[in-house]
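The values are calculated or read from the model by the stated rules, or taken from the named source; none is laboratory data. Note that the structure is a prediction, hence the values are computed from the model and not measured. No Cβ is skipped: glycine too gets one built from the backbone with ideal geometry, and neighbour counts run over all protein chains shown.
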Amino acid sequence: MFKEILQKEKEFFLNFKNYDNHINDIFIKEKITKQDFLKLLFNEDDLILEKMALESKIITDKFFGKTILLYAPLYISNYCENECVYCGFSALNRELKRKKLKLEEIEKEMIILKEKSFNTILLLTGDDRINSDIDYIAEAIKIAKKYFSEILIEIYALTYEEYKYLVELGLTGLTIYQETYDEKLYDKLHLAGPKKNFNFRLEAPDRAAKAGIKEINIGCLLGLNKNAVFDVYLTAIHADYLLRKYPDIEISISYPRIQPAEAKIKIENFVSDRNFLRYITATRIFLQRVGLNVSTREKEIIRDNLIGLGITKMSAGSKTTVGGYHLNTKDKGQFEISDKRSVEEIIEVIIKKGYRPEFTNWVKI
Amino acid sequence: MEFEIAGKKLKSRLFIGTGKLPTYKVIPEIIKKTGVEVLTVAVRRINPEAKIENILDYIPDNITIMVNTSGARNAEEAIKIAKAGSEIIGTKWIKIEIEADTRYLAPDNEETVKATEILVKQGFFVFPYITPDLITAKKLEKSGAAAVMPLGSFIGTNKGITCKTLLRPIIEEVNIPVIIDAGIGRPSHAAEAMELGADAVLVNTAIAIAKNPVNMAIAIDMAVKAGRLAFENGILAEREYAEPSSPLTDFLK
C-alpha cells in the first residue's frame, strides 16, 4: 500500500540536497529521475521555467495530441459532516444553506449539461453518509448513465465493496484529493468528521482500482502547505505508484490552488502563478502520460495559457452551487469560480490555440 | 503498386490516424493531396451529439474508415467497442487496440488474439495492433485477421522503426499484409518501414502535431511511395567494407 511508500518518500524528500548543477542535463534525458523532478520543482530560474514549458508542451502534444477534454462538475448535495477549515462546504460554515437535489432535479441538471455537449460528468457531494448516502449516489449514477459516457464521483472515501457496487452501476472514474500528504498538517486542517481519517482517504484510490474503476484523479490543494513542493512531489509519487500498480487505469493529477479571494482562513502559502506553472510542467516532464487537469478555480489568463503547456483536461462553464445549472441561485458554492466563461467561449479559446476540444473519452458500453 | 487488403484494392499504402489532429477540417485536404484511402477513427472519440466539429462530416464516402478500439482494456471491452463503432460508422474494418498499460500504451497481444478470433467469426475485417511478436502474428494469421499491425516503436514516441529485428521475421513469415503502426515520427521512418517490406504504414502523431499537418502528410506519403518503389526494385544490402570495382577473382578467367 501507499502508506509505506509515503513514509520512505518523506524521508527521501527531507534528505534531498538540492544542487542546481547540471540542471540543463535534465532536458536531454528521455526519462528523468525523482531527483531531477525535485530539482525542477525547486528551481527558481525563469530561463529554466521557459525550457520546462517547452519540454512539457512537446511531451503533451506527442502523447495526447492537439486535444483538450472538457468535463462538467455537478454538485448534487452540499451537506457535510467534515470540519475542513479551508472549505466552503465545511460543517463549520453554519451560514451556508444546505441543499440536496431530488432525483428529478439531478436529471434536469444533467439534461442541461448534455445539451451543452458534455459527455463526461463529475458528481460531487459533501461528506455526509446520511444526507447523501451510497444509495443516493447510486441513483444519481443510474440517471447519469442515460446521458453520459463517463461518470466520475468526487465524494467521501468509500470502502472497496461500495466502489464495486457503484462501478457495476456504471461509475467509470474516481476523483479524490488527499489535499496534503503531510499527515500532521492534515490533522490540523481537518478538525472533525470522517475525512479526518488520513489513511482511509489515502488508500481510497487502491480500493477503487481493485473494484475495477477505469480512471483515477488525485491531487493536493495548493495553499495549504507552506512547503508546496512537498505536496506536489508526493502527489506525483502517488500517481506514479498507481500507474505502476494498476497499469490499465488512467491516472490524472489536479493541483487545485486556493485563490486569495476565497480563503476561509488566514492562508500564508498562496502559490504564485510562476510556481503553479512550474509544478504543472515539472509533473508533465516527470510523468509523461499522466492526465493533468485544471478547473475553473483558475482565472482566464492562466487557463488559456495552460492549453498546450501540459494540461489535458478542463472543466468549463462550471457551477459549484447545488442546482446551479437549472436554478438561478445566489447561494455560495464550494469555491469561487474565477473563469466564468461559457462552454462555447472555452471551445473558441481552445480552437484559437490550435487545439481541438473533445467531450468524449470513453465509449458507453 | 496496387495491393489488396480485406478484399479491397488500394493504391495508397499510407493509412492515417485522426485522434490527435488539431482540427478535422484538414482531413479533406490531406486526402486530396495524398490520395490516402484508409483513415482510422477511435470509437471513443465519435460523438455526433456534441456541438463541435464531427469527424464524420469531414470524411468523404469513398474513404474506408477503420474504427479502433482504443481505451479497451481486454478482449471483452474491445469487442463491445468494435461493435458499437461498426454500427455508428457502418464499417466492417476494425482495428483492435487493447492497451493494458497506460505508461507505454503497450498492446496486450494475448487479449488481442482472443478478440480477433471472435470478431473474425462474426464477419469483421480485423486489424490487430500488436507488439511485434512473430508467434502472435502467426496466430492472428491463422485466426483470419485481415492484416497484422505491429508497432515500430511505442505510440507517440516518434522513434522510428526501433523494433526492426522483430518486425523483419513477421514481414517474411506471415502471409497476410503487415502494416507498421506507431512510432513513425518522420518521413524517413516511413520510408524505412516500406523498404523493410511492410505492405503499408499507419501514421497519426507525426502528421497531427506537425506545424502544417497537410504538408507533413504529403511528405510522409512521398516517403511511403519512395520506400515501396525501392523495395519492389530490390534494395542492395549494406556492407561494412568497400567493394572493389575490379573483381578479386578475375585472374581465374
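Every residue in segment B:51-60 that is more than 7 Å from chain A (Cβ to nearest Cβ) and either touching a Leu at 6+ places or on another chain (Cβ under 7 Å) or outside any helix (DSSP H, G or I) (or both), please.
Across segment B:51-60, the qualifying residues are B:Glu53, B:Asn54, B:Ile59, B:Pro60.
Going by the conditions given, is B:Ile218 more than 14 Å from chain A (Cβ to nearest Cβ) and not in a helix (DSSP H, G or I)?
When the stated conditions are applied, B:Ile218 does not pass them.
What is the residue count in segment A:90-109 for residues that are of a type in the set (A, V, I, L, M), farther than 16 Å from A:Asn328 by Cα and either crowded, with 19+ Cβ neighbours inside 10 Å or within 24 Å of the chain's Cα centre (by Cα) (or both)?
The qualifying residues number 3.
Could you tell me which numbered condition A:Glu150 fails, if it satisfies all but one of (1) in contact with a Gly (Cβ under 9 Å, 6 or more places away or on another chain); (2) of a type in the set (D, E, K, R); (3) more than 14 Å from chain B (Cβ to nearest Cβ)?
A:Glu150 satisfies every listed condition except (3).
Would you pick out the residues in segment B:23-50 that are in a loop (DSSP other than H, G, I, E, B) and within 14 Å of another protein chain (Cβ to nearest Cβ)?
Looking only at segment B:23-50, we keep the residues that are in a loop (DSSP other than H, G, I, E, B), and these are B:23, B:35-37, B:46-50.
Selection gives B:Thr23, B:Ile46, B:Asn47, B:Pro48, B:Glu49, B:Ala50.
Pick from segment A:310-356 the residues that are within 14 Å of chain B (Cβ to nearest Cβ) and assigned to a loop (DSSP other than H, G, I, E, B): which of them is farthest from A:Lys99 (Cα to Cα)?
Of everything passing the filter in segment A:310-356, A:Gly354 is farthest from A:Lys99 (Cα to Cα).
Checking A:Ser272 against (1) surrounded by fewer than 18 Cβ atoms within 10 Å (Cβ to Cβ); (2) in contact (Cβ under 8 Å) with a residue 40 or more places away in the chain; (3) out of contact with any Ser or Thr (no Cβ under 9 Å at 6 or more places or on another chain), which test does it fail?
Only one criterion in (1) surrounded by fewer than 18 Cβ atoms within 10 Å (Cβ to Cβ); (2) in contact (Cβ under 8 Å) with a residue 40 or more places away in the chain; (3) out of contact with any Ser or Thr (no Cβ under 9 Å at 6 or more places or on another chain) is unmet by A:Ser272, namely (2).
Applying the selection to segment B:135-162, what residues are within 13 Å of the chain's Cα centre (by Cα), within 14 Å of chain A (Cβ to nearest Cβ) and among the β-branched types (Val, Ile, Thr)?
B:Ile155
In segment B:100-111, is there at least one residue being buried (at least 24 other Cβ atoms within 10 Å of the Cβ), within 14 Å of chain A (Cβ to nearest Cβ), assigned to a strand (DSSP E or B) and at pLDDT below 95?
Looking for residues that are buried (at least 24 other Cβ atoms within 10 Å of the Cβ), within 14 Å of chain A (Cβ to nearest Cβ), assigned to a strand (DSSP E or B) and at pLDDT below 95, one finds at least one in segment B:100-111, hence yes.
Scan B:Asn68, B:Asn74 and give me the residue that is modelled with pLDDT of 90 or more, under 30 Å from A:Lys31 (Cα atoms), surrounded by fewer than 18 Cβ atoms within 10 Å (Cβ to Cβ) and within 12 Å of chain A (Cβ to nearest Cβ).
Being modelled with pLDDT of 90 or more, under 30 Å from A:Lys31 (Cα atoms), surrounded by fewer than 18 Cβ atoms within 10 Å (Cβ to Cβ) and within 12 Å of chain A (Cβ to nearest Cβ) holds for just one of B:Asn68, B:Asn74, which is B:Asn74.
Could you figure out which of (1) crowded, with 22+ Cβ neighbours inside 10 Å; (2) assigned to a loop (DSSP other than H, G, I, E, B) isn't true of A:Arg303?
Evaluating A:Arg303 over (1) crowded, with 22+ Cβ neighbours inside 10 Å; (2) assigned to a loop (DSSP other than H, G, I, E, B) leaves (2) as the failure.
Taking only segment B:1-22 into account, find how many residues are surrounded by 19 or more Cβ atoms within 10 Å (Cβ to Cβ) and not in a strand (DSSP E or B).
Going through segment B:1-22, the residues surrounded by 19 or more Cβ atoms within 10 Å (Cβ to Cβ) turn out to be B:5-6, B:10, B:12-22.
So of that shortlist, the ones also not in a strand (DSSP E or B) come out as B:6, B:12-13, B:18-22.
Counting residues in segment B:1-22 that are surrounded by 19 or more Cβ atoms within 10 Å (Cβ to Cβ) and not in a strand (DSSP E or B) gives 8.
Here's the yes/no breakdown for (1) farther than 22 Å from A:Leu69 by Cα; (2) β-branched (Val, Ile, Thr); (3) without any contact (Cβ under 8 Å) to a residue 60 or more places away in the chain:
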{"position": "A:Thr120", "(1), (2), (3)": "no, yes, no"}
{"position": "A:Glu139", "(1), (2), (3)": "yes, no, yes"}
{"position": "A:Ile151", "(1), (2), (3)": "no, yes, yes"}
{"position": "A:Tyr160", "(1), (2), (3)": "yes, no, yes"}
{"position": "A:Leu166", "(1), (2), (3)": "yes, no, yes"}
{"position": "A:Leu169", "(1), (2), (3)": "yes, no, yes"}
